[in-house]
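One structure is given below, encoded as structure tokens.
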Ligand SMILES: CC(C)(COP(=O)(O)OP(=O)(O)OC[C@H]1O[C@@H](n2cnc3c(N)ncnc32)[C@H](O)[C@@H]1OP(=O)(O)O)[C@@H](O)C(=O)NCCC(=O)NCCS
């Protein structure tokens, strides 16, 4: 990809970002691989508060992505893998953008910035957990140089979750 990546700022989620994430992600297309429908505001209140704790304790988290005009685009960043199955104990990179912001290189730009920040925080390996049919997300892992390393049985879906890895 030779085009210049777009500018995107990454900030530790502020209180108001719970509302922004709730609004930007309230779209069945965005939520296709996350239950298929909009999540309650309380989900984002808990998620953003947890990210502030991660930032304080680890120096990284899922950051709010802010475009050049100050608009919230979504989140990208890293956190400890939060489930009791899969790559427990590892650091997961993740991304989710509002539908209007797909196809512009924002996830790749924010993903590359995340790799730099997480490496600087002393993390030596990162994983991305992606469903096999989430082609757009798999394309992001490819752009970041990640490789399919493992398949974990998913506890509720009838298909494995694919684990992409990258040594930092
Ligand atoms: C997964 C997701 C973040 C990918 O977003 P994306 O915009 O496709 O990813 P990128 O930021 O890497 O953008 C790449 C696209 O931007 C295009 N692009 C346009 N301008 C560009 C530029 N200046 N630089 C780079 N790419 C650019 C690329 O050609 C590519 O388009 P294509 O997919 O049509 O080939 C997004 O689809 C999403 O939020 N999905 C819902 C949530 C989700 O599933 N999250 C992942 C769970 S594992």
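FYI, it's all coordinate maths here, none of it is from the lab. Quick caveat: nothing in here was measured; it's all calculated off a predicted structure. Using ideal geometry, Cβ is built from the backbone for each residue, glycine included, and neighbour counts are taken over all protein chains shown.
Over the C-alpha atoms of the range 1-64, the Rg to Rh ratio, Rh being the Kirkwood estimate, stands at 1.05. Shape annotation for the range 30-70: C-alpha extents along the principal axes are 31, 27, 17 Å, from largest to smallest.
A simple packing score, the average count of other Cβ atoms within 10 Å per residue, orders the peptides 36-45, 78-87 as 78-87, 36-45, with the highest score first. The stretch between residue 124 and residue 5, if pulled fully straight at 0.36 nm per residue, gains 40.3 nm over its current Cα-Cα span. Gyration tensor analysis over the Cα atoms of the chain returns equivalent ellipsoid semi-axes of 21, 19, 18 Å (largest first, whole Å). Mean sequence separation of contacting Cα pairs (under 8 Å, at least six apart), scaled by the length of the chain, corresponds to a relative contact order of 20 percent. May I ask for the distance between the Cα centers of the range 18-37 and the range 130-168, given as a whole number of Å? Cα centroid of the range 18-37 versus Cα centroid of the range 130-168: 20 Å apart. Taking the Cα atoms of the range 94-144, the ratio Rg/Rh between the radius of gyration and the Kirkwood radius comes to 0.98. Here the range 127-168 is described by how far its Cα atoms reach on the three principal axes: 30, 20, 9 Å, from widest to narrowest.
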